[in-house]
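Presented below is the structure to which this report refers.
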Amino acid sequence: MHQEKRRFSGLWLAILLTAAVLTGCLPRPAADTATTAAPYPEEIAAQYETDQEDGHQASQQFAKLEQEIFLREVQNDQLDLHYLLKNPEQYGITQTEHLYSPITEEAFAESDALRQEMKAGLAAIDPALLSEDQRLTYRILDSFLRTEDLGSGLDLYVQPLAPTIGIQAQLPILLCEYTLRDKQDVEDYLALLDGLDDYYEEILAHEQRIADAGLMLSDTSIDHVIESCESYLLIPGDNFMLDSFEERLADVPGLTEEEKTAYQERNAAALDQSFVPAYQRLIDGMTALKGTGTNPKGMCGYPDGKAYYTYLVYSATGTSYQSIDDLMIAVEQSIQSSLLETSAILRERPELTEQVAALSFSQTEPEAILKELESLCAADFPALPQCSYTLKNVPESLELSLSPAFYLKSPIDDPAENIIYINRNPMYAEDSLYPTVAHEGYPGHLYQNVYFTNHSTSNLRKILSFPGYSEGWASYVESLSYTLEGNGLDPDLGRLLSANSMATLGIHAYLDLAVNYSGWETGEVQEFLSQFYQEPEDLANAMFEVMIENPANYLSYFVGALEFRNMRQIAVEELGPKFNAKEFHRFLLDIGPAPFDVIQAYFSTWLIQQKL
């Protein structure tokens with residue numbers, strides 16, 4: 001895939017632009033004389049003051065634009081606001097426009113108009129006049145908006161429903177983890193439950209528009225969506241929504257027993273009269289749309305599907321690769337590199353194959369793993385500011401609905417609220433928790449989020465989402481966790497497991513691209529998998545369905561990690577003995593979540609600084 005990265009330094013560009021502002025208006029010697037008088041000192045001083053004033057005005061103008069975008073985003077809907085801010089009133093926010101982020105034609109049109117406003121706002125500001133931090137935010141916004149332009153006019157390709165990562169699958173989890181800090185939170189939560197049926201009606205109207213345009217999911221994918229909905233029809237006696245609410249309600253301060261009982265009755269009524277009917281309505285509505293989807297391929301099988309998938313790729317990854325073809329080549333090369341590494345290790349140590357089946361890390365319990373990881377990572381990662389976290393087991397009633405583990409991001413105004421959930425269901429008993437905790441906790445999501453929240457001064461940047469960076473970082477450090485000295489593994493075994501994990505993730509990423517961009521069908525998927533698996537038939541069918549139902553999902557994990565690994569390899573090669581892993585990680589963490597084209601520009605400057 002991509003062979004030549006964009007290495008032009010944004011910082012150099014800014015320095016040159018600043019120099020032009022400072023000197024461009026000064027008198028210059030005429031070409032035909034060497035005796036032109038130099039400017040008077042007071043003229044130089046006046047020009048300097050003018051430039052300083054211009055910079056101050058530009059900085060204020062950009063700060064105002066940042067704040068406007070931030071407030072507009074966090075006030076959009078109640079669900080997002082609650083997860084983003086613990087104390088919204090301190091930001092002057094007393095209400096939101098919607099309960100849930102709307103999915104309507106009007107909402108898409110409004111979003112497009114706001115994007116154009118943002119572009120106009122940026123165009124009116126000279127980034128050379130901004131502070132260093134503002135310049136970085138400017139470039140991030142500029143890159144983000146250029147990516148969003150790729151999806152302009154393709155609103156009917158936006159698919160909110162998917163078997164595992166769709167709104168209908170994730171929303172109940174978010175509702176179950178909706179923190180109840182006071183009475184108002186309880187009221188807001190009940191309002192969200194009451195409004196769910198209207199929200200799902202809105203989604204069904206969008207699905208009908210998709211079907212009318214001939215862009216509907218296949219019947220197989222619709223069946224999978226329906227199956228996920230059926231799991232939320234709340235069987236009496238095993239109602240996780242009731243259980244979760246009662247547990248959270250018990251911790252709300254100042255409630256009398258009578259008030260708790262009243263709230264429990266309202267919650268039960270909302271589940272019975274809104275939540276369950278909303279899921280039944282989704283089931284009925286999607287069942288009625290079966291037969292309208294005729295595309296047997298991935299995203300590229302739709303009229304503008306290839307264009308929309310290109311948007312999804314760059315939105316999900318923020319990759320610096322300049323084309324999908326370049327990216328595919330790079331993913332394929334990375335897979336081969338990882339497999340060659342595993343082969344080389346096994347040639348030297350063939351007995352490691354037996355250790356893989358019985359591997360044992362030094363710690364096996366989540367709390368002990370997290371504490372050990374925090375200690376082992378001290379050599380290669382910067383220390384965190386003061387941080388607290390809570391490890392919880394997934395409630396038994398939710399075990400079958402949730403992944404092996406997940407991290408709940410803290411509100412930006414209270415980075416101490418960090419929670420990691422571990423799923424103790426027997427189906428995950430054979431999975432090693434060590435790399436999982438590294439991914440979710442330290443030095444993964446929790447570590448990166450707390451670090452950035454404490455170091456960044458931009459509220460807007462704290463709410464912007466760049467999955468390629470965040471999931472890529474967590475996948476990158478998960479791979480490193482196998483090789484940390486002191487984790488209990490034979491170092492060669494750790495290298496073997498690390499390379500194998502990246503190869504496996506790379507295979508998923510490559511199939512995502514091949515199915516949705518190149519148009520592979522199950523036969524081609526099977527042929528590809530036969531290089532790595534002995535009996536790929538059933539796996540090929542399952543993988544094909546996963547890729548068409550979740551386009552670009554795997555890419556954020558692998559491509560983000562690939563970008564980090566590429567930069568590390570370049571740094572090691574160019575810096576040699578001067579390479580310092582802690583300083584490399586500090587650079588990545590300080591720059592924070594951003595598209596990789598932006599990061600790459602700053603990386604070039606960082607490399608020069610390290611050499612000097």
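The values are calculated or read from the model by the stated rules, or taken from the named source; none is laboratory data. Bear in mind that the values here come from a model prediction, so they are computed numbers and not experimental data. Virtual Cβ from ideal backbone geometry, glycine too; neighbours counted across all protein chains shown. The area values use the complete protein model at the heavy-atom level, side chains included, leaving out ligands, DNA and RNA. Shrake-Rupley method; radii C 1.70, N 1.55, O 1.52, S 1.80 Å.
Quick notes on this one:
- For I422, distant residues with modelled amide H under 5 Å away: K392, N393, V394
- Model label zone, D223; criterion: amide N under 14 Å from point 7 Å along Cα-to-beta-carbon; scope segment 284-325: 287, 290-291
- Most tightly packed first, judged by the mean number of other beta-carbon atoms within 10 Å of their residues, the peptides 226-233, 585-592, 309-316 read 309-316, 585-592, 226-233.
- One decimal place: the segment D414-L575 gains 54.1 nm when fully extended, by the rule 0.36 nm per residue minus the C-alpha distance.
- Vicinal HN-Hα couplings computed from phi for segment 275-282 (Karplus, 6.51 cos²θ - 1.76 cosθ + 1.60; Hz; Gly/Pro x): 4, 5, x, 5, 6, 5, 5, 4
- Efficiency of FRET between K260 and R209 - r from beta-carbon atoms, R0 45 angstrom, step 0.05: 0.55
- Residue-level accessible surface for V394, protein heavy atoms, 1.4 Å, Å²: 10
- When you count the other C-beta atoms within 10 angstrom of each residue and take the mean per peptide, 483-495, 168-180 line up highest first as 168-180, 483-495.
- Per residue of the chain, the DSSP helices (runs of n ≥ 4 H) give a summed -39500 (n - 2.57) that works out to -19500 deg cm²/dmol at 222 nm.
- For a label point 7 Å along the Cα-to-beta-carbon line of E106, residues of segment 165-193 with backbone N under 20 Å: 192
- If the segment from E230 to D182 were pulled out straight at 0.36 nm per residue, it would be longer than the present Cα-Cα gap by 14.1 nm.
- With the gyration tensor restricted to C-alpha atoms of segment 460-544, the semi-axes of the equivalent ellipsoid amount to 28, 23, 7 Å, longest first.
- For segment 352-372 versus segment 83-146, the gap between their alpha-carbon centres in whole angstrom: 43
- Heavy-atom SASA rank of T256, T319 (probe 1.4 Å, accessible area, largest first): T256, T319
- Hydrodynamic radius of segment 422-469 per Kirkwood, over alpha carbon pairs, in Å: 12.7
- Span per principal axis, largest first, for the Cα atoms of segment 211-256 (Å): 54, 24, 11
- Kirkwood hydrodynamic radius of segment 183-331, Cα pairs, Å: 18.7
- Neighbourhood charge, 13 Å Cβ-Cβ cut-off, centred on G151 and excluding it, Lys, Arg +1 and Asp, Glu -1: -2
- Using a probe of 1.4 Å on the protein chains alone, the accessible area found for T164 is around 100 Å².
- Hull volume in cubic angstrom per residue (convex hull over the Cα atoms of segment 112-236): 181
- Rounded FRET efficiency, nearest 0.05, which uses the C-beta distance separating Q116 from D590 and R0 of 30 Å: 0.40
- By the Stokes-Einstein formula, at 1.002 mPa s and 20 °C, segment 466-612 with its Kirkwood radius over alpha-carbon pairs has D equal to 126 µm²/s.
- Each semi-axis of the equivalent ellipsoid for the chain is √(5λ) with λ an eigenvalue of the Cα gyration tensor; in descending order they amount to 41, 33, 27 Å.
- Surface composition of segment 478-612: carbon plus sulfur atoms hold 45% of the accessible area, using a 1.4 angstrom probe and ignoring ligands, DNA and RNA.
- Once you divide the Cα radius of gyration of segment 401-513 by 2.2 N^0.38 Å, the number left is 1.17.
- Per residue accessible area in Å² of the chain, where ligands, DNA and RNA are left out and the probe is 1.4 Å: 46
- Largest first and in whole Å, the equivalent-ellipsoid semi-axes of segment 299-406 read 34, 26, 19, each the square root of five times a Cα gyration tensor eigenvalue.
- Convex hull (Cα only) mean projected area of segment 68-172, reported in nm² to one decimal: 8.5
- Solvent-accessible surface of protein heavy atoms, probed at 1.4 angstrom with all chains present, puts K64, K183 in the order K64, K183, largest first.
- Taking the three principal axes of the alpha carbon atoms in segment 345-468, the coordinate ranges are 51, 40, 27 Å, sorted in descending order.
- The apolar share of the surface of segment 319-415, taken as the fraction of accessible area on carbon and sulfur atoms (1.4 Å probe, ligands and nucleic acids excluded), comes to 49 percent.
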